[in-house]
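Just below is one structure, and these are the notes that go with it.
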Ligand SMILES: *Cc1c(COP(=O)(O)O)cnc(C)c1O
């Protein structure tokens, strides 16, 4: 680390689809600060179901719901109506002075969905903000215990994880490309241990139990190194998102990590910004792991992209400590509990229930996994296929046997993403790189909407396989 390795986002020369002269001309004069300053992205003018429509009429099958966001697709009229209804009632009120019925209802839905184990919701506008709030909440919790523990200032998180892009959340995360430029100003009280990454890190002949025990021992050692009573929280994505590429936790892994935290009185923060709210097949990804976090973040699927919204759910015992302490969370934001965003998310969550979408996530997810294994299992440059629910990734390698990755300079994942946008494929795939050590490793992720059909799953896998064939051969 230390050296500035640009995110591959910004080191790419384009294989962008051809655009009409008129649109690219008008866009070269755009006032938008695009991610790629010299390369305007496609301009989306419409959405229909799983498709995004560009200004030149190209219909792109969005196989990833953007960043695992648009889980109901792009045109659910029921959500439009709920948003309009709230706008007519009241668009905004300031949460320091007032509450509103949409925020009340959404919080109740979220608390109920945990069986009351998490007892309050703190609603903000992005995953990053929810993560920042969780870090501050953890620190405040220890300050307000009957016997305060102000020495608990260390956080332990995991390598190749992503928790957001503000300085605090970036410090907790470990996306080397996104951190590099800011390394010198990132927080020094965050320490990182290994991911649970069986494809590369489980040793020959090692059992799942032994591997999990080894990871738990690494966390224990980190606690000992820092001083067990100086650790505030262990932060992890329940199922790792795009930085590592859709790796589900091994059985018993999160339980073992939680045991280490409990032994030393530290909190467990589970970041479900990407894997939560149904993406993994259950509303909360932790439900499948037999653990309950002390703090939990959620965002992407929460509002399905109809509004920017995120939440921090707080375990009852943490709420009780603050209630008996100062009685106030020492943190707030202007758009907290935004009525329109809350109304959109309420409707989205009710639709997931009404339309019985979680069983569809499990069923279609299983089918997606099957088809990916069928199409890519024997591909000489596919090393691993993994996922859960409707959240799957394939990892590319130069050599299947040695698992040798492609050189980062080849930008395999980003080339696949760009190739996929060509009119002859018209599919949006989510690329990721650096999964192995922050620099090496290429994968693409799939995260279709919860209401997708068998036909759409087949179309996604077929188109993706043609794209991979163009880029890497077959
Ligand atoms: C996307 C993501 C974030 C950041 O959320 P934003 O809404 O982009 O701020 C945080 N944590 C995880 C696990 C994510 O996937």
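Along the Cα→Cβ direction, 7 angstrom out, place labels at residue 218 and residue 201. What is the inter-label distance in nm?
0.3
Run the numbers on segment 272-338 and let me know its relative contact order in percent, using alpha-carbon pairs under 8 Å that are six or more apart. Write out the running numbers ahead of the final one.
On the way: 69 pairs, mean separation 16.1, N = 67.
Over segment 272-338, the number comes to 24 percent.
Arranged by the count of other C-beta atoms within 10 angstrom, fewest first, what order do 59, 424 take?
On the way: 59 15, 424 11.
In order of increasing Cβ crowding within 10 Å: 424, 59.
Order these peptides, 102-108, 234-240, by their mean beta-carbon neighbour count within 10 angstrom, highest first. Let's see the in-between values first.
Numbers: 102-108: 19.9, 234-240: 27.0.
Packing order, densest peptide first, comes out as 234-240, 102-108.
In what sequence, highest mean first, do 283-294, 438-449 appear when ranked by Cβ atoms within 10 angstrom?
Values: 283-294: 21.9, 438-449: 25.2.
Ranking, from highest mean packing down: 438-449, 283-294.
Compute the convex hull volume of the Cα atoms of segment 80-354, divide it by the residue count, and report the result per residue in Å³ as a whole number.
It is 130 Å³ per residue.
Using 0.36 nm times the number of residues separating residue 105 and residue 43, minus their current alpha carbon distance, what extension gain do you get? All intermediate terms of the calculation are to be shown ahead of the outcome.
Details: separation 62, 0.36 × 62 = 22.32 nm, distance 3.54 nm.
Separation in residues times 0.36 nm, less the Cα-Cα distance, equals 18.8 nm.
Can you list the residues of segment 94-120 with backbone N under 16 Å from a point 7 Å past the Cα of residue 85, pointing along Cα to Cβ?
The answer is 101-107, 109.
If you wrap a convex hull around the Cα atoms of the chain, how much volume per residue is inside, in Å³?
On the way: hull volume 70.2 nm³, N = 474.
Measuring per residue, one finds 148 Å³ for the Cα hull of the chain.
Roughly what would the spin-label model give for residue 354 and residue 165, points 7 Å off Cα along C-beta, in nm?
Each label point lies 7 Å from its Cα, and together they span 3.4 nm.
Ranked by Cβ crowding within 10 angstrom, fewest neighbours first, how are 172, 231 ordered? The partial results should precede the final answer.
Working: 172 28, 231 25.
With the fewest neighbours first, 172, 231 line up as 231, 172.
How many angstrom lie between the Cα centre of segment 58-87 and the Cα centre of segment 260-288?
25
Please give the length that would be gained between residue 153 and residue 94 if that part of the chain were fully extended, namely 0.36 nm times their separation in residues minus their C-alpha to C-alpha distance (nm, one decimal). Before the final figure, lay out each step's value.
Working: separation 59, 0.36 × 59 = 21.24 nm, distance 3.12 nm.
Extra length from residue 153 to residue 94 when fully extended: 18.1 nm.
To the nearest 0.05, what FRET efficiency results for residue 440 and residue 32 with a Förster distance of 45 Å applied to their C-beta separation? Working shown, then result.
On the way: r = 32 Å, r/R0 = 0.72.
Efficiency, rounded to the nearest 0.05: 0.90.
For the chain, calculate the relative contact order in percent as a whole number, restricting contacts to Cα pairs under 8 Å that are 6 or more residues apart.
Details: 964 pairs, mean separation 104.2, N = 474.
Relative contact order here is 22 percent.
Run lengths n ≥ 4 of DSSP H only: what is the helix-derived mean residue ellipticity at 222 nm for the chain, with -39500 (n - 2.57) per run over all residues, to the nearest 500?
-11000 deg cm²/dmol
By how many nm would the segment from residue 363 to residue 334 grow when fully extended, if each residue of separation counts as 0.36 nm and the alpha-carbon distance is taken off? Spell out each step's value before the answer.
Details: separation 29, 0.36 × 29 = 10.44 nm, distance 4.02 nm.
Answer, rounded to one decimal: 6.4 nm.
We did not get these values from a lab; they are worked out from the coordinates using the rules stated. As the structure is a prediction and not an experimental result, all values here were calculated from the model. Cβ coordinates were reconstructed from backbone atoms using ideal geometry, including for glycine residues, and neighbour counts include every protein chain displayed.
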